[in-house]
1. About the Cα centre of the range 104-218, what is the dipole size in debye to 20, counting +1 per Lys and Arg Cβ and -1 per Asp and Glu Cβ, all else neutral?
2. How high is the relative contact order of the range 104-218, given as a whole-number percent (alpha carbon pairs under 8 Å, six or more residues apart)?
3. If I stretch the segment between Ile76 and Thr44 completely, what's the gain in nm (0.36 nm per residue apart, minus their alpha carbon distance), one decimal?
4. Measure up Lys98/Lys127; Lys95/Lys116; Lys51/Lys83; Lys82/Lys188; Lys82/Lys196; Lys95/Lys188 against 30 Å on the Cα-Cα distance and list the ones that go over.
5. Any aspartates and glutamates with Cα under 12 Å of the Lys33 Cα? List them, leaving off those in the same chain fewer than 8 positions away.
6. DSSP loop (so not H, G, I, E, B), at most 13 other Cβ within 10 Å: list which trypsin sites (Lys or Arg not before Pro) in the range 102-138 pass both filters.
7. How far, in nm, would the chain grow between Ala89 and Ser140 when pulled straight, counting 0.36 nm per residue and subtracting the alpha carbon separation?
Amino acid sequence: MPHRPTTSSAIALLAALGILVSTGAQAGMYRYKDENGQLVISNTIPQEATKRGYEILGNNGRVVETVAPAPTEEEIAAREAKKERERQAELQRQKDKKLLDRYSHPNQAVRAMHRKVREMEGIIQLKRGNISVISSQLDSEQSRAADMERSGRDVPESSLDKIRRLESQIDDIEQEIADQRRQIEDMKDMFKADIKRLEEVTGEKRTLPLEPPKTDQSRQ
């Protein structure tokens, strides 16, 4: 009488067959083109061939996965350029949002620029006033020194030091004024760029002049 496998033996046998089938399905094959452009099917794939792209085949010979070729230097450069364009576009969107949070119309930016110019010009006028006061002191000190020289007396070193100190103060303030003039021009350039961008973003044109009216300047 032939021996029949027990139920547990049959289950173990089926499990073993299942493992073998699964292992064979996972092993698969590769299909790729070699350096001469010839199609090759193999259970291994050279490193160089992976850069050209390949296909993974199942036991039935069907494609189960396609691996794209490695990107070329030109493609990588194009991707990086695209990323940079997108980054710059996002930065511009953020800048535009902040700009629109400050001004809803180009004319608002023009008025803000006029106010800022008047404030900075006012500071310059105060510095000019300081120069006038120091210049008056310098004139007095120089006249006193000249009188001493005409009378044949030596000018005290303290008087000469004071003259030099006053002259230096005037020079320093003049330099501050020159620096502030440059700051005004730089500030106006930034405002003008913002005004131009506002015109582009809002579709509205400014109706106010970029330079402050003469009446405003006369009150500085």
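A short reminder: the numbers here are calculations on the coordinates, not readings from a lab. Everything quoted here is computed from the prediction, not taken from an experiment. Note that each Cβ is placed from the backbone with ideal geometry, even for glycine, and that neighbours are counted across all protein chains shown.
1. Approximately 580 debye in magnitude.
2. Reported as a whole number, the value is 54 percent.
3. Computed gain between Ile76 and Thr44 is 8.7 nm.
4. Flagged as over cut-off: Lys98/Lys127; Lys82/Lys188.
5. Output for Lys33: Glu48, Glu55.
6. none
7. Taking 0.36 nm per residue and subtracting the Cα distance, the gain is 12.1 nm.
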